[in-house]
């Protein structure tokens, strides 16, 4: 060992880099060789366990996309609430301050990760992870676009509620292990609140299940294809309203954010958290907002369906058939486009020709990108679906942010009273009316 | 260590280190000295202490409240004051009469003009000065503007303590316009230092008048628009209605004054009950409400904003011409005597009791502050309610810690 | 509250949405400086006269009147004799040191009259005792001290301030106001001449002024 | 000035007053002994002739020779503020009956009076310090408490530590304490 260490210390820094790269390359080559040698076996194993592979890939992808999603929603919340407050909001980092949430994320990473004396350290450490994973894992079953989803489970809705309920475990862990009375109050509040609102949340969807006849979210979205009048919100308006309210409470959003009421119990369960552990809570909250918006869209607002049957357009020209002409096209079109778009600038203004050319090139690029996107939107099914889905989802995210900017917080007894005295009977009523309507329609239709 | 012989103070960090638990129990480390303290610091079955403040976000400054909780229900509470105590009365007794004005300015920093007004009035009584009428009109004008600023801030704080984010910023915009206006009149944004013994420092100027005129044309509209967010909001109204009810008799016994008293149905407003300055000449109403709960206190203050706008309008219409300062010597030596001056501020009675011994410094300077009195009612109104209601009740009584701690 | 449940909430949301599109109230501070009114008096400044010399003559009145003791000033006294200083005791390093010494109970060297001859101050104490340590009887006290010493030593003035609690600046102001009180021993022709040289007479001043203005001498015909 | 009110006060409290009823501007002042405070306040509050329902202020005063407790009252039966001065409390052990039996809201004002002057309000259930820390031993608003660290202005001996008791150890010259006869 000492020989190796001495050799290593004798090397210059470029030498160490080169040596490191060499070792890395060797290892990778060995790995590749092993993979090539056993490729048949590996492929067989993977092929035999395709669901597991799919799950691992999907989980990784979902875990990765939550970060930019959370950043986007945090920025959106900062900016939208600021505008409602007649403020300007973030405007320093990045264009219109759009990178501020990223910088916040970096700041959270750099801060001290602090565990208070007397805290139950393992539980304290694991609580944010539980909360974050629980909200991330719910994303697995959401169909973003045709064919673009983690798992098409036939019990997707049940899975969703189960995972959503897991959040409360994390919050309770955080509240208990912080060794702080404010955190304890916050944890208990969240337990009471989430468990109470689970019931109307679940019951409000049962009517929908009767209508749809399936629990698979993908199937439900397919059921809502066609005009926007086919969306379930028009058949289950009361159910949709109850779902929206209960989901707000489930995600601990204003006006039901008692768990982290900063003016009462000083951020509740998160009082003692700092650094990235707090960051996990923070991210989880915004991922939750995204998830409940996405689920509302999926269940009641047609998912990735367009609000009207989109005419299927097939381009008359298939690029593959052009052959050598395609190459010529690729060579000529940019030049031609730049010239065409530069012409009006050059004619209408007094600018120099190179300026006009630069502007023309920029405009051509914009048009080209728009054209490619439009082509993708028109002819690639999942792009269109994803766009519609995101559009609808972010409308609901805006709604939640808007509510946060407007409403004060309810009190804990009013919160519980509202759940048990109003939402629960209303959701039961919704269930009975739906069931009766189905029976009546079946009887009349004489199936 | 030599320090172990001393009795530890409640704020001594060593007290925290001594406790091996690592959690701070807000129990004082010495035997109780009064019955009430003994009663409060003994826990019943299933009760716990929670220490709120002095760094809690909604204790309006540096108030510390020890809450005794049963679950989320408040059983009892003990406010601990003194984190902002500066000994203003002592400082005033060691400053000459003119310097007192700037010492009392930061007492209630959202309504500084009222803090200045009562000592100035008391000194004028000691000196037997008559204030020019134009100065009185300017005083009323500026003070009513300050009252509106204070009440609109109250609106924002109230909503913020109930969890609403937006109204506080809207009310700060409202306040900022008024404060900028007063800055052009007085020269400062917050601690105006504007009233002088025998008048005011500086006449109305063009900038102030143009800002005021600009604001007056849209003030009503703007305030009503701000109120539209809260006044009809079900969540807000349901949380406030029937909460912290203070009845007429208790309010009088608790020495409550101002909007908090008028919300219980007592039309006690010093501007009418014990008229001073030019208020007898002005035409305005004393809004009262009979419910005495948090919502009544909130709505009453909003009514007062409308009355203040009326007063400002009348002041502008009737503003007489003339000097703004009485003729006084530079060094004031009032003859020995005592004077008391109470005025009606946005929170209640601001009063000063000054004793002169014939020198150029007040011999005794007592400053009576309504926030101090009203904060006492939190202990009366909160038990039996929830933790969240503590903030609502405290916010509805509208204490300013600068005034409470003097 | 309206009869339709939730209508108030909907109205409130409409208000916020309207404000969403309204112009914003933020002042972007570093780019857009804040609007200061002409009457704003947040900054202390010394005024200059039209010749460009300071109008301040170190009378300490502003420093005395300042209730929060933020004014600290020093300069040459009006008789051109020595440096005077008045300000909050904690402002300067030596003052802090002094304060720490005093807290620890040790004797504090007073730098203000270290440069002067130490004198016997028992006479001052006797005079003060006669007048009951009352700062309001300042003139008799000063006269008594002048009678005892023949002039007013700085150490004696400091002693009065220390014992009566009157501000040093006001004692100094009183002493410099009355022409029959003097800060220097009375009969000392050399020093007398020095002071005269330092402070030119009116005639010399006018002659200098005339020379500077480049006109015929008007000495003797003032105004 | 309400002359009628002065006569009413003299008729009702005649022998109990320790000084003449004084009137200046809009204030009427009566002086009573500390022992009579409870009776007097009760009469002023309950008697339909007076009906002083509002306790506007309660404070202590150190005149340099003795202590006083001053009550300011308001009623709609007169246009004056009524000032009741409980006079002649000894500086060593000032004691006065509490007003909390009539106005529970006086509790904190009395705590302040205790904190600042050391006046003991007998009957107040919670008479402890309110502003100063609980282990503080001095009474800041007394006239023999000097502001610290301002050697030029503090009479006599320069700096006194705030933690000292209210009787300065080296206060050799009691004539330095400001007094008033007002």
Note the full-extension length gain between residue A:230 and residue A:429 as 0.36 nm times their separation in residues minus their Cα-Cα distance, in nm to one decimal. 69.4 nm
For chain A, with a Gaussian network of springs between Cα atoms less than 10 Å apart, report the residue from A:127, A:352, A:270 with the top mean-square fluctuation. A:352
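Based only on Cα atoms, what mean projected area does the convex hull of the protein assembly as shown have, in nm²? Write out the running numbers ahead of the final one.
Working: hull surface 305.3 nm².
Projected over every direction and averaged, the Cα hull of the protein assembly as shown covers 76.3 nm².
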Expressed in nanometres to one decimal, the distance between label points 7 Å along Cα→Cβ at residue C:126 and residue C:24 is 7.9
May I ask you to order B:217-225, B:93-101 by the average number of other C-beta atoms within 10 Å around their residues, highest value first? B:93-101, B:217-225
Output field shielding_mean for B:91-97 (other chain Cβ, 10 Å radius) holds 3
Could you please state, rounded to a whole Å, how far the C-alpha centre of region B:170-215 is from the C-alpha centre of region A:245-281? 41
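With a cut-off of 8 Å between alpha carbons and a minimum separation of six or more residues, what is the relative contact order of region A:319-369 in percent?
Numbers: 34 pairs, mean separation 17.9, N = 51.
Once divided by the residue count of region A:319-369, the mean separation gives 35 percent.
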With label points set 7 Å from each Cα along the Cα-to-Cβ direction at residue A:31 and residue A:395, the distance between them in nm comes to 4.6
Looking at region B:88-368, I'd like the Rg to Rh ratio, where Rg is from alpha-carbon atoms and Rh is Kirkwood's inverse mean 1/r. 0.98
Taking chain A as a Gaussian network, Cα atoms linked when under 10 Å apart, which of A:206, A:57, A:233 shows the biggest mean-square fluctuation? A:57
Tell me, what is the FRET efficiency for residue A:339 and residue A:362 to the nearest 0.05, using R0 = 22 angstrom and their Cβ-Cβ distance as r? 0.95
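Provide the FRET efficiency to the nearest 0.05 for the residue A:38-residue A:5 pair, computing r from the beta carbons and using R0 = 51 Å.
Numbers: r = 35 Å, r/R0 = 0.69.
Approximately 0.90, to the nearest 0.05.
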Average beta carbon contacts from partner chains per residue of B:350-358, 10 Å cutoff: 4
Estimated FRET transfer efficiency when R0 is 30 angstrom, pair residue B:321-residue C:41 (beta carbons, to 0.05): 0.70
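Within 10 Å of each Cβ in C:17-29, how many Cβ atoms from other chains are there, averaged over the peptide?
5
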Paramagnetic reach from residue B:33 (point 7 Å along Cα→Cβ, amide N under 17 Å) across region D:94-111: D:94-96, D:107-111
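Note down the relative contact order for chain A as a percent, whole number, built from C-alpha pairs under 8 angstrom at least six residues apart. Present the calculation step by step, with values, prior to reporting the outcome.
Values: 552 pairs, mean separation 88.9, N = 447.
Once normalised by length, the contact order is 20 percent.
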What's the angle, to the nearest 10 degrees (0 to 90), between helix B:166-186's Cα axis and the longest principal axis of chain B? 40
Mean ellipticity per residue at 222 nm, deg cm²/dmol - from DSSP H runs of n ≥ 4 across the protein assembly as shown, formula -39500 (n - 2.57): -16500 deg cm²/dmol
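Of A:194, A:129, B:200, C:154, how do they rank once you tally other Cβ atoms within 10 Å and put the fewest first? Please list the in-between numbers first.
Numbers: A:194 23, A:129 14, B:200 27, C:154 19.
Listed from fewest to most nearby Cβ atoms, that is A:129, C:154, A:194, B:200.
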Label zone at residue B:360, where the point sits 7 Å out along the Cα-to-Cβ direction: region B:325-340 residues whose backbone N lies under 14 Å: B:329-334
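Under the definition of Cα pairs under 8 Å and six or more residues apart, what whole-number percent is the relative contact order of chain B?
On the way: 711 pairs, mean separation 92.3, N = 406.
Worked out over chain B, it gives 23 percent.
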Taking the simple approach of a point 7 Å from Cα along Cα-to-Cβ for both residue B:210 and residue C:212, what is their distance in nm? 4.1
Crossing angle, helix B:206-230 versus chain B [Cα axis fit, 0-90 degrees, rounded to tens]: 40
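Read-outs throughout are calculated quantities, based only on the coordinates presented, and are distinct from any laboratory measurement. Source: prediction; values computed, not measured. We place every Cβ from the backbone using ideal geometry, glycine too, and count neighbours over all the protein chains shown.
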